[in-house]
Amino acid sequence: MCVAQAAALLLQPPIGHQSHHRRRQRQTDGRLMLMSQCVHNGSRISALQRRAVASRPGLGSKQSSNSLQARAAADSGSTSSEQPAAATSSFASIVLPTALALLLCNMDRICLSVAMLPIAKELGWAAGTQGIVQSAFLGGYLATQLLGGALADKYGGKLVMGASIAWFSLASALLPAVAITPWTAAAGLTLPAVLAARFLVGFGEGVALPSMNNLVARNIDPAKKATALGAVFTGFHTGNLVGLLLSPLILTHFGWRALFYLFGLAGGPLLLLWAAAVPSQKALLASSRAAAGGGAGSDVGVGKLMSKSATWAIIIANFVNHWGYFIYLTWMPTYFSQVLGMDLRASSLMSFVPWVVMAIGSSAAGLLADGLVARGVPVLRVRKRIQTVAFLGPVVALMVLSSPGISPPLALLCMTAALGITSLGQAGFVANMSDIAPRHAGTLFGLCNTFGSFAGILGVSVCGFVLERTGSFALIFQATAALYILGTVPPPSPWHPLGPSRGIVAMVDWQRVRAKVIFIFIDQFLLISYAIACLIALTWPTPGKAVASVQFYVHGKAYQVIKILNIMIVFLISGAMLKTDDIKKAWQHKLGVAFGFLSTLAITPCLGFALREISLTPSAFTAGLTLTTAVPQTLGIGISLVRSCGGNEGLALMMTAGTNIIGIFTMPLWLKALFAGTDFNISIDLVSLLVNLLISVLVPSIIGKLCREYLPGCQKFVTKYKVPLSLFSTANLAFIIWQVLSSAQKVLLEQQFVSVLYVLLLSAAQHIVYLAFNLAVTTFALRLPAPENVATGIMASQKSGPVAVAVIGYLTNDVAQQGLLAIPAVLGQLVQVFIGSALVPFFARVTKAYQKAQQVAAEEAEEAAAVAALEGGTDKGAALKTSSDATGETAADPDLDVKLGKTQSDNSLARQPADPGVAALYPHAAVQSATGADEKAP
């Protein structure tokens, strides 16, 4: 049983034998289905309805699952208009036009693959540029999966699919008509225009499959649904075949421009056919809204869908399926050519055969599934068993393919079998989507297909990395086979035939797990995004190189457009999120602010004079370590650490923004001094570097702050979307690192591991030295209160890796040298994350104990003042001042108490013993607060 079918008992109930047990089983499944249908309709089931459903007699063996579903829909309050609409919708009016639409969709997608060679030759594009142009489509495709599903569920699949046909047909014709023209060439905008055109094609095609699923779910008789899906996907796969056959012919006789014009113009007749053949969806949508209670209950968001185990089951199946599908699609010709030694023509013909079988297999799967249901086999059993075969069947073929010395005929047979059997999944998890959520089939398909598309990107990238390292497909095929097996494991669930008590997984609070995963993802997003950026850059550098190659020149110096935009976005968001109140509150701690600025901008850079004397191979590693000492504080991780430790977050934010702005003027001077007299082959142009930093750092920061203060609605927007904006800012930082490392991937992989390990150890030592010095000064010399001590000590020890990477781009145009210089910055940033995370528990105890001591001191001072006032011995205000002086501290900050979840009246919590480890750091707070005021009490 496949994991994708964990939700299958929300499907139609089983049909078949006349035994008493089977009749009772049908009654139970009918009740389950009715309750599920009512949930989908947005209604609740009353106790009376439950008894009415429970009292229904068993169904005869001749009754079809379709009639039972109709009864369930009627009992749950659905109007009768929806079922007749689905039952009478002609196959020809829905399935055939949809299959043709998806056929043209894939033709427009694949035509660039065929035309890339003449286009690259005409424009002089390198392989890296070709790769990024090819991948531009996928960016648009991913962007509209969810949007397309939601729009199809709201306005109907006919309207959304029609708009999709018009959109991607027009976008295909735009490439030769607008993107690659003498005008764009003269303006130097050819590459951006082509990227935009392909992005628009993907943007339009992204809504096609979710719209298709909506049309099938709403219009096709459930008894013929799998057949309809199989026929539609046959058209989808046939698009690849037709595109591969027609494109070379058109290129040979008419040129590559005609290819895009003809495929784009083909959308016109198809759009007319679509408008005429596909019935209107208005009546169907109206009946659906009426059944859901006037439409209000019919809107189900992505969050609600993702809270269901059924959705995650299908997402897993979709992920596994797309992993294998995109590996076949991308690497099959390479396998036939490189491993089996075939020429290009023979490998193309060999690659053509499996796709023919897959197109046929899609239709066969639908006919098989609906035939089994018509014979009385329960839908649940059909879905599970077909999907199980679709996943386990290719495992045997893949293991044979991974064996050495395989002959070309056997390889072709195995590859054809793998793709053909995989196509059975159209009647498995794909049909399952419209089974469990017919009213939201578009949204559900878009959601699951988004994860599937990511699986395709990841699978192709990993495959390329493994192939580059091992030169063999064996590990790739074995890993894919293992993933198929894992995707077939049945997770226990409340709807599982064995019941929830038979599996540990069923007892897990998945809602809590999901919330915890989201929290970790947000809290550790910087580390996650950096790791992903480094992994992709080192395994698949082509997209990063192509993005970095988008440049403009000023006085012969190259400037990378995308990287500069990333830097400006980061500081624009930083300025917009800087609160004036936070600055005012932070300025109350002038001593901490002054030392934080002094240490970051004047003291810690001095360590660079020692680091530059260390001899590393290559010398660029030494230069990178030296450079990191001169940069200001990090933009994200430092504030996050201070927040986790209970430190003064406002003070941390002020120091981060302030040091980055002032650092614009200090960094050039420090770099000039640090690199003077060295052999690093880096020249520092003070004026040029200063101007670049002013434009990319200071100007966006000022604009962001002005927008917050004077642009209507900006402050409210930033406050409401603080977390998404922070994540977006961090993503831009990771994007900078991705571009730099991708450009230097080759030279980075040539470096010895020992050299990189030395850099890692030195980066850790550098950060530890900074922490020890700054905390020693703030604790024993300045004697700052704990929250300010933690904030100042942590922030003054942070160095911004992304800012260092950005500065490196201004120092040299040599991409190899940029990559080597960036390694210490990237590793240093990661080291700061790990060391800071390890110290969080200790600092959190320090600040928490300090707050408790402060609260106790304040309460005891108030008690002493009250007693003195009652006795008439002293004035209350004077007594309060005297008691405060005795403790050596001021009253507790109520804002900090609120952050720790306490109030001033929580005496039992405040009077808990202080942490002994904190007493050594703050004896005046931990000891005097417990004794000083008691001595005054009678």
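The values are calculated or read from the model by the stated rules, or taken from the named source; none is laboratory data. No experiment lies behind these values; they were computed from the predicted model shown. Note that we place each Cβ from the backbone using ideal geometry, even for glycine, and neighbour counts take in every protein chain shown. We work out accessible area using only protein heavy atoms, side chains counted, and drop any ligands, DNA or RNA first. Shrake-Rupley method; radii C 1.70, N 1.55, O 1.52, S 1.80 Å.
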So is TYR710 among the hydroxyl-bearing types (Ser, Thr, Tyr), within 24 Å of the chain's Cα centre (by Cα) and surrounded by fewer than 21 Cβ atoms within 10 Å (Cβ to Cβ) or not?
-> no
Complete set of residues in segment 780-793 that are open to solvent by 10 Å² or more (accessible area, probe 1.4 Å) and of a type in the set (A, V, I, L, M, F, W, C) = PHE780, ALA781, LEU782, LEU784
Residue list for segment 553-592, restricted to those being among the β-branched types (Val, Ile, Thr) and over 25 Å from VAL718 (Cα atoms) = VAL554, VAL561
Confirm whether THR719 is surrounded by 13 or more Cβ atoms within 10 Å (Cβ to Cβ) and under 26 Å from the mean Cα position of the chain (by Cα).
-> no
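Residues checked against (1) surrounded by 24 or more Cβ atoms within 10 Å (Cβ to Cβ); (2) basic (Lys, Arg); (3) more than 17 Å from LEU538 (Cα to Cα):
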site	(1), (2), (3)
LYS746	no, yes, no
LEU749	no, no, no
PHE753	no, no, no
LEU762	no, no, yes
VAL777	no, no, yes
ALA796	yes, no, yes
VAL805	yes, no, no
ALA816	no, no, no
GLN832	yes, no, yes
Restrict the check to segment 258-279 and report whether at least one residue is in contact (Cβ under 8 Å) with a residue 24 or more places away in the chain and in contact with a Lys or Arg (Cβ under 7 Å, 6 or more places away or on another chain).
-> yes
Are any residues in segment 587-611 open to solvent by 50 Å² or more (accessible area, probe 1.4 Å) and outside any loop (DSSP other than H, G, I, E, B), and if so, which ones?
-> LYS590, LEU591, ALA594, LEU598, ILE603, CYS606, PHE609, ALA610
What is the residue count in segment 408-462 for residues that are touching a residue at least 24 places away in the same chain (Cβ under 8 Å) and either outside any helix (DSSP H, G or I) or within 30 Å of GLY341 (Cβ to Cβ) (or both)?
-> 21
Test: ALA838 is touching a helix residue (DSSP H, G or I) at 6+ places or on another chain (Cβ under 7 Å) and modelled with pLDDT of 80 or more = no
Here are some conditions: (1) more than 22 Å from VAL826 (Cβ to Cβ); (2) not in a loop (DSSP other than H, G, I, E, B). THR656 meets all but one. Which one does it not meet?
-> (1)
Does PHE137 fit the bill of being open to solvent by less than 20 Å² (accessible area, probe 1.4 Å) and of a type outside the set (Lys, Arg)?
-> yes
Of all residues in segment 239-281, which are open to solvent by less than 30 Å² (accessible area, probe 1.4 Å) and closer than 23 Å to ASN213 by Cα?
-> GLY239, ASN240, LEU241, GLY267, LEU270, TRP274, VAL278, GLN281
Hey, does segment 676-691 have a residue that's surrounded by 24 or more Cβ atoms within 10 Å (Cβ to Cβ) and touching a residue at least 12 places away in the same chain (Cβ under 8 Å)?
-> no
May I ask you to verify whether LYS225 is on the phi < 0 side of the Ramachandran plot, at pLDDT below 80, part of a helix (DSSP H, G or I) and not acidic (Asp, Glu)?
-> yes
Considering only segment 370-393, state which residues are at pLDDT 85 or above, of a type in the set (Gly, Ala, Ser) and either at positive phi or open to solvent by less than 10 Å² (accessible area, probe 1.4 Å) (or both).
-> ALA390
Scanning segment 623-639 residue by residue, those assigned to a helix (DSSP H, G or I) and either out of contact with any Phe, Trp or Tyr (no Cβ under 9 Å at 6 or more places or on another chain) or surrounded by fewer than 23 Cβ atoms within 10 Å (Cβ to Cβ) (or both) turn out to be GLY624, LEU625, THR628, ILE637, GLY638, ILE639
Yes or no: ALA558 in a strand (DSSP E or B), open to solvent by less than 20 Å² (accessible area, probe 1.4 Å) and either among the aliphatic types (A, V, I, L, M) or modelled with pLDDT of 90 or more (or both)?
-> yes
Look at LEU757 and say whether it is crowded, with 16+ Cβ neighbours inside 10 Å and at pLDDT below 90.
-> no
Being outside any helix (DSSP H, G or I) and without any contact (Cβ under 8 Å) to a residue 60 or more places away in the chain is the filter here, so list the residues in segment 184-212 that pass it.
-> LEU189
Can you find even one residue in segment 477-486 that is at pLDDT below 70 and open to solvent by less than 40 Å² (accessible area, probe 1.4 Å)?
-> no
Just checking, how many residues over segment 150-183 are among the β-branched types (Val, Ile, Thr) and outside any helix (DSSP H, G or I)?
-> 2
